[in-house]
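These notes are about the structure you will find just below.
The values are calculated or read from the model by the stated rules, or taken from the named source; none is laboratory data. The shown structure was predicted, so the numbers you read here are calculated from the model rather than taken from an experiment. Quick reminder, even Gly has a Cβ in these numbers, built from the backbone with ideal geometry, and neighbours come from all protein chains shown.
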């Protein structure tokens, strides 16, 4: 099937979806470029990971049905991963250039401060006030998604807003490595060093990524030494103490810890409550107190809270519903794995069946519905291998996939079935907890 056909049928697919679900269309499909259609596969390129996840989970089956109707052929929908499509994943830690959203939101004012990060936050303020004098270098240690990147980007971006402006740059370590390799391959090492020579503040993120890259470490060592010796500020982040990083030169590890070392711990419950409120406000969402508490109970980092809020916002837009405790619980139930037995028991409780009813080959209609729902939920909400799940239900893998897809298709058309699936999934999750 020629690629140009996709350009022809894509507007027709969008027109049909616009009629069926205007809110879903506006929220998720309005700004997608015409995808490529080749050999029966329609490949959609999403903007970011959130859009990719939603299209895969909610829209893929319906898109395939419409495409097949329009073309008269079997069409498979493939949603490319953002990193495979050349699109920068949302809030990627390796994004060198600050987007408008990041520059606006990742400031010191928007950083939620608590006991777990107070030292790092105070040090960031001091670095901006007097770069190169008090905490040099400043090393921030902490696991993923605790705010290290936020602080480093805030330092670099806010330095440009002081008077007089301070020459500052945020760099992810992998970007540094890539720049250095490019410079070596193109005989531009002098130009590479010049990029850093005029900086007053250098913020290097995820230092652990320099491990086992000896030439990049050597290049950074000379930049680091030159800045420290001339009183210019270096700010570093890392996910563990430098001495614990295999493949990081001892002379770097010792020098990184030669200034102030500030550790950030994962947020406690009270701080997660503050994060939920602050992030909801940033995303222009009204979030009731009980919904905030549910988020704080289950989302363990700022990144997890953002993901939960955005998935809830997507569901709100698609269904025209407000975001409340019930919606937060539905989203949580969908995104966390559940044990298969809990799924089967929840199906049986809701439909008045016994576990054995789900595995019988000859079944009355109610039993068939129960097993079909079980196939869908075990695919969506557990991390079981398909062959294992199929064996538990006395099905072949092909039968399990077919039954699951039928349920997915019907649920896309039937709000009552969709609500039933959500309720059973939530019941399974609550029973597992």
Next item on the list: Go through region 337-360 and count every residue that is under 16 Å from residue 380 (Cα atoms) and outside any helix (DSSP H, G or I).
Entry: 3
Next item on the list: Report whether or not residue 198 is exposed (fewer than 12 other Cβ atoms within 10 Å of the Cβ), touching a residue at least 12 places away in the same chain (Cβ under 8 Å) and closer than 26 Å to residue 130 by Cβ.
Entry: yes
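Can you give me the number of residues within region 229-242 that are crowded, with 19+ Cβ neighbours inside 10 Å and part of a helix (DSSP H, G or I)?
Adding up the residues that qualify gives 1.
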Note to self: Among the residues of region 172-195, are any assigned to a loop (DSSP other than H, G, I, E, B) and in contact (Cβ under 8 Å) with a residue 60 or more places away in the chain?
What the structure shows: no
Next item on the list: Would you be able to tell me the number of residues in region 119-173 that are within 23 Å of residue 270 (Cα to Cα), touching a strand residue (DSSP E or B) at 6+ places or on another chain (Cβ under 9 Å) and surrounded by fewer than 17 Cβ atoms within 10 Å (Cβ to Cβ)?
Entry: 2
Next item on the list: Give me the pairs, please: first residue somewhere in region 312-333 and over 15 Å from residue 291 (Cα atoms), second residue anywhere and modelled with pLDDT under 80, beta-carbon distance under 6 Å, and either six or more positions apart or on two chains.
Entry: 314/27; 314/54; 317/23; 317/27; 318/23; 318/24; 320/23
Notebook entry, point to check: Among the residues of region 352-391, how many are surrounded by 18 or more Cβ atoms within 10 Å (Cβ to Cβ) and over 25 Å from residue 60 (Cβ atoms)?
Noted result: 4
Notebook entry, point to check: Which of the residues that make up region 243-265 are under 19 Å from residue 123 (Cα atoms) and surrounded by 16 or more Cβ atoms within 10 Å (Cβ to Cβ)?
Noted result: 255, 256, 257, 259, 260, 261, 262, 264
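Within region 58-170, considering only helices (runs of 4 or more DSSP H) that don't extend past its boundaries, which have at least 2 residues that are in contact with a helix residue (DSSP H, G or I) (Cβ under 7 Å, 6 or more places away or on another chain) and at pLDDT below 80?
Once the helices (runs of 4 or more DSSP H) in region 58-170 are filtered for at least 2 residues that are in contact with a helix residue (DSSP H, G or I) (Cβ under 7 Å, 6 or more places away or on another chain) and at pLDDT below 80, what remains is 60-71, 100-105.
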Next item on the list: Test each condition in (1) touching a helix residue (DSSP H, G or I) at 6+ places or on another chain (Cβ under 7 Å); (2) surrounded by fewer than 16 Cβ atoms within 10 Å (Cβ to Cβ) for residue 226 and report the one that comes out false.
Entry: (1)
